[in-house]
């Protein structure tokens, strides 16, 4: 049995196991299994790989998309440019084990954003500064979209803080992407602290969160007339790209 999985912590909100279980059933793939591996510390990945000899690849989620890097033997060009990995391929042979890191968030985000994007939405606010934000920023640059990062603390040179977001900032940036976990189940009453009253019909709000399907961030955007998009399609696309990598 070929084994695949997901590492991160916590994993109670994970979409991946159900997605792959359904994929294996509908596509008649009887020799594969996908499991969740909640790791309390990234250092546990070494023993996981040693103990699970059938493990051929795994996805990486919060909070390990950056801290997985020192454990890898090779990193794809895109993942190297992004500086974050969310997919690892394991190759085992007589000489040992080789781990190669990839970033399928880039593909998933780009291909889910493009159909919803309007030409005038060419400046973006990226909420959050973690591994997912790095993939988003890399993709925005590929698409020729200027972006500004927003973090809780801010940075005088490169980041804005939430209290610095003004009416002009919101009106100038018609694409707003939440890459932070704020609003994820079960904390569905929370949302990024942006001035929602300045949103309008020209805005597109993209939340990488998929559970719930409509976060408070998206709900407030929709009520202000903005177009909204959650992370479910992005996840499906990056899952399929991971499967392609593992079987390539």
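Laboratory data are not the source of any read-out in this text; all were calculated from the coordinates shown. No experiment lies behind these values; they were computed from the predicted model shown. FYI the Cβ positions are ideal-geometry reconstructions off the backbone, even for glycines, and counts take in every protein chain you see.
Assorted remarks:
- Using a simple spin-label model with pseudo-atoms 7 Å out from Cα toward Cβ, residue 198 and residue 48 lie 4.1 nm apart.
- Over region 1-44, volume per residue of the alpha carbon convex hull, in Å³: 56 Å³
- Averaging the sequence gap over all C-alpha pairs within less than 8 Å and six or more residues apart, then dividing by the number of residues, gives region 106-234 a relative contact order of 23 percent.
- When only alpha carbons of region 2-103 are considered, Rg and Dmax amount to 13.4, 37 Å.
- Full extension of the chain segment joining residue 77 with residue 35 gains 12.4 nm, where the gain is 0.36 nm per residue of separation less the Cα-Cα distance.
- Most to least packed among 81-89, 55-63 [average Cβ atoms within 10 Å]: 81-89, 55-63
- Kirkwood Rh in Å, taken over all unlike Cα pairs in region 106-234: 14.3 Å
- Packing here is the average count of other Cβ atoms within 10 Å per residue, and on that basis the peptides 101-111, 33-43, highest first, run 101-111, 33-43.
- q = 0.17, 0.21, 0.25 Å⁻¹: log10 I(q)/I(0) that the Debye formula gives for region 161-223, counting C-alpha atoms only: -0.54, -0.81, -1.11
- Taking every alpha-carbon pair under 8 Å whose residues sit at least 6 apart, region 2-103 reaches a relative contact order of 28 percent.
- Across the chain, the mean sequence separation of Cα contacts (distance under 8 Å, 6 or more residues apart), normalised by length, yields a relative contact order of 15 percent.
- Label positions at residue 214 and residue 245, each projected 7 Å from the Cα along the C-beta direction, are separated by 3.3 nm.
- Largest first, the three principal axis extents of the alpha carbons in the chain are 60, 40, 32 Å in whole numbers.
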